[in-house]
């Protein structure tokens, strides 16, 4: 159960904003949506496998992007230093 107490001098709008942020961080809304109807075990298993595939593909893509950007930075730095020497 989430609880947000009104501090002294705080308006209702800011308290509501803090409450909404806590609800979002706790994942309550997504949990309610997920439990809104019965999900067969086979569908649940397929959903989890799809999420696992998305996560693994995302991590490999991020690794590639990180290595690529660092090598590009090195190449740019090297080329600019060579320009200065000329």
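Values in this text are rule-based calculations from the coordinates and carry no lab data. A quick note: this is a predicted structure, and the numbers were derived from the prediction, not measured. Note: ideal-geometry Cβ built from the backbone for every residue, glycine included; neighbour counts use all protein chains shown.
Subtracting the Cα-Cα distance of residue 40 and residue 1 from their residue separation scaled by 0.36 nm leaves 11.3 nm. Shape index of the stretch 1-56: Rg/Rh, with Rg the Cα radius of gyration and Rh the Kirkwood radius from the inverse mean 1/r over Cα pairs, equals 1.22. Here's the picture: a label point sits 7 Å out from the Cα of residue 10 along the beta-carbon direction, and within the stretch 16-36 the residues with their amide nitrogen under 13 Å of it are 16-23.
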